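The values are calculated or read from the model by the stated rules, or taken from the named source; none is laboratory data. Quick caveat, the model's predicted, so the values are computed rather than measured. Every residue, glycine among them, receives a Cβ derived from its backbone with ideal geometry; neighbour counts consider all protein chains shown. Areas reflect the complete protein model, heavy atoms only, side chains present, ligands, DNA and RNA absent. Shrake-Rupley method; radii C 1.70, N 1.55, O 1.52, S 1.80 Å.
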Amino acid sequence: MKKLLLSAAAVFAFAYANAQEETTSTGGFSTGDVFISGSVGFGSEKTGDFKATEFNFSPRAGYFVSDNIALGLALGYNNTKQDEEFGFGTAEVTTNTFEIGAFGRYYFMPASQFSLFTQLGVNYGTTKSEIDNEEFNKANGFNVEFAPGISYFISEHFALEATFGVLSYTTVEPDEDDADSTNTFQLGLNMSDINFGLIYKF
């Protein structure tokens, strides 16, 4: 499915303009700083009479408890809708996923314009699926993930960041009696495991 980042161009254009105005500071982090970031995505796909759409929204916020360490909270929402063929005909399958989590980061050069960091996050999520607005599946789970990253300030308040790869453990259990959980361990380093973002520091 092709994903379109609707607001990416506008956000980066604003960040670039702000960077031109604030030439006296190269940014950087220190104790007491607060930052916010997040992503919004929408995608659609159609093959014949079958169509699918996806929407996701993931805000997060962090606070520097020391010059090197930041702690924060993250939220996530993902909605997918797609037409599928069943024995009784075609039906729309809708899946909604909600997540809440906490994360910690250690920055190696926080006061500099460029810095390396490592991130450890723990998330809890719940997923509900429906067929033509009738619930047929629900599951709950959590995951722990670790990823290194880089941060680069383009102005006093705006920074670009990217995380590379992922080391994670995920467990998901259907909301049913005597249901078995699915446990997944992942170690990845490819293009799908590279995530880019823009953060704003207060």
Probe radius 1.4 Å, ligands and nucleic acids left out: which of Ile69, Ile194 has the largest accessible area, and how do the rest follow?
Ile69, Ile194
Report the Cα centroid-to-centroid distance between region 135-198 and region 42-88 in angstrom, as an integer.
11
What accessible area per residue, rounded to a whole number of Å², is obtained for region 20-162 using a probe radius of 1.4 Å?
54
What does the C-alpha gyration tensor say about the overall shape of region 18-127? Classify as rounded when a/c is under 1.5, otherwise prolate if a/b is larger than b/c, or oblate.
prolate
Could you rank the peptides 149-158, 88-97 by their average count of other C-beta atoms within 10 Å per residue, with the highest value first?
149-158, 88-97
All aspartates and glutamates inside 18 Å of Lys51 as judged from Cα atoms, apart from same-chain residues fewer than 8 positions distant:
Asp83, Glu84, Glu85, Glu92, Glu130, Asp132
Solution diffusion estimate, µm²/s, Stokes-Einstein, region 130-202, Kirkwood Rh from C-alpha pairs, 4 °C, viscosity 1.567 mPa s
84
